[in-house]
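K.L.:
Can you read through this structure? Questions will come right after.
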Amino acid sequence: MTVFKTRVPNHFDLPRRINRLGELAYNLWWTWQPNAQRLFAHVDGELWERLAHNPITFLHQVNRSSLNEAAQKTSYLDNYDKVFAEFDAYMAHKGTWCDKNHAGFCDGSVAYFSMEFGLHEILPIYSGGLGVLAGDHLKEASDLGLPLKGIGFLYAEGYFSQRISEDGWQEALNNHLNFDNLPLLRMTDDDGNDLKVTVEFPDRKVSARLWEVRVGRIPLYLMDSDVPENAPEDRKLTARLYWSDINFRIAQEVLLGVGGVRAMRLLGHNPGVWHMNEGHAAFQILERAREVVETGKTFEEAIEITRVNNVFTTHTPVPAGNDEFPLWMIDKYLGALWPQLNLDRDEFVSLARNQQSWGETFSMGVLALRYSDGRNGVSELHGRVARKMWNFLWPNKAEDDVPIGYVTNGVHTPTWLARRMGVLYEKYLGENWLENHDDPKLWEAIDNIPDAELWEVRNHLKRKLVFYMMERTRRRWIKGGFHPVQAIASGALLDPYVLTIGFARRFATYKRANLILSDLDRVLGLLNQPNRPVQILFAGKAHPADEPGKQLIQEVYRAVKKAENGGRLVFIEDYDMNVARYLVQGVDVWLNTPRRPNEASGTSGMKAAMNGAMNFSVLDGWWREAYNGHNGWAIGDDVAPDTESQDESDIASLYATLENEIIPLYYDRDGNNIPAKWIKMMKNNLRTITPQFSMRRMVKEYVEELYIPAKAK
Ligand SMILES: *Cc1c(COP(=O)(O)O)cnc(C)c1O
């Protein structure tokens, strides 16, 4: 085992009394602790916002005098001492859920592979739901005391930032991340040399150095191929998330799977469970089989020995969402591997052979499903769809018996909950509410929250959202080059007092962002009803290579630019975790209109629900499980014979519910201007959704249904 070190840099010039802020900046624990965030915000709130919540640049740039002032303020120091007492107790804590309930399992380790991790907006190494789920998974693994180690990539350019041109076209700005300004720890050996892993391709070797991100108690190791010994092309291998060039893509996946296993070995970890978050990491299966073949076993023995420890989570019911490579690429990139497995080319290709209309492929989904004993989809419906979709791999089994289960996704409550909602929960559900937040019984007490108090917090959150979007608009306006119509389109005329609907997600055609705009005249009428106006906020990126996705943005933007909407249709640029937080906490209604059953789960609606926003969604993915008729609204209920009639019936249902139920309910006020019936529904929503769709419930299920069985075998 290599001795390795990760040094927390101590390059900040901080007053002695508060010098542990530097340490806090390098552990993402602060990202889900409102009081820890205030240790930065209360030194200089304006700078904290301007630097987009980056504690490292913040500590570099903040005035020494502001720090000195804070270091002398009793209220600041009280919070400082409290936060560090909590941090130390957290990091040292032994009696975690995992220790108490599954001690034997907790002594081992779990390797968790993902192409992307969404931990915080300052670390843009995620594109959307898959990454945010992985980030939330790590945070909850930390809270529950799991022995998990994450492995992924450090993308030098991150994911792109989005600008919308005046004519509604998405422009992608590539950033160059400055690693010195991010919570990244360089991993070195005792002599200060970078720790590196190397993978072999038939014609060359590619190395990657390792960085560590601390996520509470969990280490996340990130590989970075920008090292001098690599060929110039290979140095760019980890520059971007999801290269459109399939050559980059396969090379990345080899590096993730093979390099990821080597990184675990290099660091002395010996995981008993190997969890692949989507098929991108499936080459880890072959690398671990290779290790066993090297000890003298046959390939068949090796694959049997290793498969019991593999857990594979599939995330997409769309066949095109599963990576498949033409066979010539397998020769080009994996030609060095099959001799080491004692296989010939044909045997190797047969491990994951798939037939597509355009030819034979090597399918990462097939590889992962065949050689993992743990397999799951991400909602009940998606499990069913996955069993049908992959039935051909188990031709002797009936569809219902295909061995793919499901664990419905969840979200990390402390990450997504507004601070003020947390204060309410603490007051009315009890001091230990967060510890037990996945327990449905705890939420029975939700009715104890007085309507007026809940409504006041909801109004506060909506004001925060509206003023934040106006402020962003103002800053863009000051910078210049912004047409007045763009300023209005980005929220200059938002109103903190009207019913607010949010729609934010990746712009892919099956998500039908434009569904609510199908009858534009009807929508314009609703937006500007004199006593019951409505505003709709859109946000989301399309993959830069997804032309239909970009056209969809343009179509939405055309409606957003129309003067008749009164500034009440808005497109928020550059959807990321920061914008997502404001939206899910501030809107009244969270809209989701996927074409069923393409949304495997969805998670943003869960984030909205815990903050008191109501879901208004197609009964797909998670919402099909959550909706009970009293905790939000469904769009459509039948599966139509074709997509056209499906779209039509969904549109009719959407407008009818909006006009006859949602708008009247929101504006039905009592003498104190409180919508009692709306709040009743909101409480049903909080009670039924928050515990069940928490990341805590989800990670416990992974442990008990997938990790422990995988390790025990
Ligand atoms: C939660 C989240 C997502 C995933 O939301 P879906 O409901 O699955 O579309 C995507 N992007 C960001 C920034 C998020 O925070």
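The values are calculated or read from the model by the stated rules, or taken from the named source; none is laboratory data. Everything numeric here is computed off the predicted structure, so don't read it as measured data. Heads up, the Cβs are rebuilt from the backbone with ideal geometry, glycines too, and the neighbour counts pull from every protein chain shown. Surface areas here come from the heavy atoms of the whole protein model, side chains and all, with no ligands, DNA or RNA. Shrake-Rupley method; radii C 1.70, N 1.55, O 1.52, S 1.80 Å.
K.L.:
Go through (1) touching a His at 6+ places or on another chain (Cβ under 8 Å); (2) buried (at least 22 other Cβ atoms within 10 Å of the Cβ); (3) among the small types (G, A, S) for A134 and report which single condition fails.
P.N.:
The one condition A134 does not meet is (1).
A quick yes/no check of all residues on (1) over 20 Å from D373 (Cα atoms); (2) of a type outside the set (S, T, Y); (3) buried (at least 21 other Cβ atoms within 10 Å of the Cβ):
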| position | (1), (2), (3) |
| --- | --- |
| W243 | yes, yes, no |
| G259 | yes, yes, yes |
| V311 | no, yes, yes |
| W338 | yes, yes, yes |
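K.L.:
Let me ask something additional. Tally the residues that are more than 16 Å from the ligand (Cβ to nearest atom) and small (G, A, S), restricting the search to the stretch 127-155.
P.N.:
5
K.L.:
Right, next: Of all the residues that make up the stretch 534-574, how many are touching a strand residue (DSSP E or B) at 6+ places or on another chain (Cβ under 7 Å) and within 25 Å of Y666 (Cβ to Cβ)?
P.N.:
Number of matching residues: 15.
K.L.:
So which helices (runs of 4 or more DSSP H) stay within the stretch 364-424 end to end and still have 3 or more residues that are assigned by TED's automatic domain parsing to the domain that holds A282 and open to solvent by less than 10 Å² (accessible area, probe 1.4 Å)?
P.N.:
364-370, 380-389
K.L.:
Mind listing just one residue for me: the one in the stretch 107-116 that is open to solvent by less than 10 Å² (accessible area, probe 1.4 Å) and more than 16 Å from the ligand (Cβ to nearest atom) and, of those, farthest from M364 (Cα to Cα)?
P.N.:
It comes out as V110.
K.L.:
While we're here: Given the criterion away from the ligand (no atom under 14 Å from the Cβ), outside any loop (DSSP other than H, G, I, E, B) and farther than 15 Å from G129 by Cα, identify the matching residue among W623, W633.
P.N.:
W633
K.L.:
Another one. Could you say whether any residue in the stretch 619-631 is touching a Pro at 6+ places or on another chain (Cβ under 6 Å), farther than 29 Å from Q486 by Cβ and surrounded by 18 or more Cβ atoms within 10 Å (Cβ to Cβ)?
P.N.:
Checked against the condition, which is being touching a Pro at 6+ places or on another chain (Cβ under 6 Å), farther than 29 Å from Q486 by Cβ and surrounded by 18 or more Cβ atoms within 10 Å (Cβ to Cβ), the stretch 619-631 yields at least one hit.
K.L.:
Would you mind finding the one in V8, V62 that is among the β-branched types (V, I, T) and open to solvent by 20 Å² or more (accessible area, probe 1.4 Å)?
P.N.:
V8
K.L.:
Sticking with this one: Identify all residues within the stretch 559-575 that are within 12 Å of the ligand (Cβ to nearest atom) and surrounded by fewer than 23 Cβ atoms within 10 Å (Cβ to Cβ); write none if there are none.
P.N.:
Residues satisfying the conditions are D574, Y575.
K.L.:
Could you tell me which numbered condition G480 fails, if it satisfies all but one of (1) open to solvent by 10 Å² or more (accessible area, probe 1.4 Å); (2) touching a helix residue (DSSP H, G or I) at 6+ places or on another chain (Cβ under 9 Å)?
P.N.:
Evaluating G480 over (1) open to solvent by 10 Å² or more (accessible area, probe 1.4 Å); (2) touching a helix residue (DSSP H, G or I) at 6+ places or on another chain (Cβ under 9 Å) leaves (2) as the failure.
K.L.:
Would it be correct to say that A626 is over 22 Å from Q162 (Cβ atoms) and without any contact (Cβ under 8 Å) to a residue 12 or more places away in the chain?
P.N.:
no
K.L.:
Same structure again: Looking at (1) without any contact (Cβ under 8 Å) to a residue 40 or more places away in the chain; (2) in a strand (DSSP E or B), can you tell me which one E301 breaks?
P.N.:
The one condition E301 does not meet is (2).
K.L.:
Out of everything in the stretch 117-126 that is more than 8 Å from the ligand (Cβ to nearest atom) and under 13 Å from F160 (Cβ atoms), what residue ends up being least open to solvent (accessible area, probe 1.4 Å)?
P.N.:
Filtering first and then ranking leaves I125.
K.L.:
Checking the structure you have, find out if any residue of the stretch 264-287 is more than 24 Å from E701 (Cβ to Cβ), in a helix (DSSP H, G or I), of a type outside the set (A, V, I, L, M, F, W, C) and under 28 Å from the mean Cα position of the chain (by Cα).
P.N.:
Yes, some residue in the stretch 264-287 is more than 24 Å from E701 (Cβ to Cβ), in a helix (DSSP H, G or I), of a type outside the set (A, V, I, L, M, F, W, C) and under 28 Å from the mean Cα position of the chain (by Cα).
K.L.:
Give the number of residues within the stretch 342-357 that are assigned to a strand (DSSP E or B) and over 20 Å from A320 (Cα atoms).
P.N.:
Of the residues in the stretch 342-357, 0 are assigned to a strand (DSSP E or B) and over 20 Å from A320 (Cα atoms).
K.L.:
Which of the residues spanning the stretch 528-550 are away from the ligand (no atom under 16 Å from the Cβ) and surrounded by 20 or more Cβ atoms within 10 Å (Cβ to Cβ)?
P.N.:
Scanning the stretch 528-550 gives V534, Q535, I536, K550.
Yes or no, residue by residue, for (1) among the β-branched types (V, I, T); (2) outside the structural domain of V523 (by TED's automatic domain parsing); (3) open to solvent by 10 Å² or more (accessible area, probe 1.4 Å); (4) in a helix (DSSP H, G or I):
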site	(1), (2), (3), (4)
I651	yes, no, yes, yes
I663	yes, no, no, yes
M681	no, no, yes, yes
R687	no, no, yes, yes
E704	no, yes, yes, yes
Y707	no, yes, no, yes
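K.L.:
Does any residue of the stretch 78-93 turn out to be in contact with a His (Cβ under 9 Å, 6 or more places away or on another chain) and open to solvent by less than 20 Å² (accessible area, probe 1.4 Å)?
P.N.:
Taking every residue of the stretch 78-93 in turn, none turns out to be in contact with a His (Cβ under 9 Å, 6 or more places away or on another chain) and open to solvent by less than 20 Å² (accessible area, probe 1.4 Å).
K.L.:
Would you mention how many residues in the stretch 632-641 are surrounded by 21 or more Cβ atoms within 10 Å (Cβ to Cβ) and at pLDDT below 95?
P.N.:
1
K.L.:
To continue, here is another question. Take V589 and decide whether it is open to solvent by less than 10 Å² (accessible area, probe 1.4 Å) and more than 12 Å from the ligand (Cβ to nearest atom).
P.N.:
Yes.
K.L.:
If I ask for residues that are under 27 Å from the mean Cα position of the chain (by Cα) and under 12 Å from K700 (Cα atoms), which ones from the stretch 86-101 would you list?
P.N.:
Correct list: W97, C98.
K.L.:
Out of (1) open to solvent by less than 40 Å² (accessible area, probe 1.4 Å); (2) at pLDDT 95 or above, the odd one out for D226 is which?
P.N.:
If we test D226 against (1) open to solvent by less than 40 Å² (accessible area, probe 1.4 Å); (2) at pLDDT 95 or above, just (1) comes out false.
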